[in-house]
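Beneath this line is the structure, given in structure tokens, with notes to follow.
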Amino acid sequence: MASFARKVLWIVTMNQAGEARLLQHAKDGGVNAVCIRTDNSRLPDAIGRFKQNGFKVYGWRWPAVVPKPNSQTHYAAGDEAKYVVEKLIPAGLDGYIMDPESESGSPDNNWNSAALVPLARSFCKTIRDGAAAAGLANFAFGVTSGCDYATSRSKMPWSEFVAASDGLFPQTYWRWTNPDTGRVQDINGGTPDKAADKGLTSWRRIANGKPVFLMAGEIDVVKAAEIPDYVARVRREGLDQYHFYADNASVSQANTTAMKAI
């Protein structure tokens, strides 16, 4: 089973300035890999640039469950899997993390349906087979989603995602900026421990022996003093892997310093 890098810094949107900032924050934070959303058009070329600087590069995406014939960003699941195999793996991609979600008002990418088992199976198989065909024995594949979605979104095709995965990544964020109000709010209990309790309780029910890793976020609004608490909880679970979501211009030097200390 392939493994992910020890410390990973994620990003959502990445223009030229964002790529430069991600590289600097990755260096400042002492991370081993970056995880970039695949709808960023810079990603294929950026893979080589990050690898030249010593970082592994993963991709991630929340793909649509319905066809999107006019999409320029390979938004539908089938198009996304094809893009990963044909464009990103040849460019040197080291792994991929699938992000199935289920939110009200987003029917086109709502994975909470048992009818999507064939699509989930095909999606995962296309990417895993593509990596194998490219001779990438260490290509890592994972799945991430909401903190308690493994149980609160029980109709998702979890068995397919878990079977294909080398690791599971509940989004154990304890703080975020609410996208509807723009206000910073505590979520999932408001502390690293409470968020971890919630995520692990949910995801271990579906893990089937696969490792369940904790994610820290959103790192632009968490306190530097909370990062050691997150680290301590990871280690109490017998793990030594850390994921930080997500880089942006508001990530503080204090937080990257705390990441580097791990």
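The values are calculated or read from the model by the stated rules, or taken from the named source; none is laboratory data. The shown structure was predicted, so the numbers you read here are calculated from the model rather than taken from an experiment. Here the Cβ positions follow ideal geometry from the backbone for every residue, glycine too, while neighbour counts run over all protein chains shown.
Take Ala261 and tell me if it is exposed (fewer than 14 other Cβ atoms within 10 Å of the Cβ), touching a Pro at 6+ places or on another chain (Cβ under 8 Å), more than 16 Å from Arg175 (Cβ to Cβ) and modelled with pLDDT of 95 or more. Yes: the conditions hold for Ala261. Restricted to the stretch 106-127, and to residues there that are closer than 17 Å to Lys68 by Cβ and part of a loop (DSSP other than H, G, I, E, B), the residue that is modelled with the lowest pLDDT is Ser106. Counting only helices (runs of 4 or more DSSP H) that sit wholly inside the stretch 153-262, those with at least 3 residues that are under 21 Å from Glu101 (Cα atoms) are 158-164, 192-203. Here Leu239 fulfils each of the conditions (1) without any contact (Cβ under 8 Å) to a residue 60 or more places away in the chain; (2) closer than 23 Å to Asn178 by Cα apart from (2). The set of residues from the stretch 1-38 being of a type in the set (Val, Ile, Thr) and farther than 24 Å from Ala164 by Cβ comprises Thr13, Val31. Is at least one residue of the stretch 136-145 part of a helix (DSSP H, G or I) and touching a residue at least 40 places away in the same chain (Cβ under 8 Å)? No, that holds for no residue. Considering (1) surrounded by 20 or more Cβ atoms within 10 Å (Cβ to Cβ); (2) assigned to a helix (DSSP H, G or I), the lone condition that Pro90 does not fulfil carries the number (1).
Might you check whether a residue that is hydroxyl-bearing (Ser, Thr, Tyr) and either within 20 Å of Phe139 (Cβ to Cβ) or more than 15 Å from the chain's Cα centre (by Cα) (or both) occurs anywhere in the stretch 9-24? Among the residues of the stretch 9-24, not one is hydroxyl-bearing (Ser, Thr, Tyr) and either within 20 Å of Phe139 (Cβ to Cβ) or more than 15 Å from the chain's Cα centre (by Cα) (or both), which makes the answer no.
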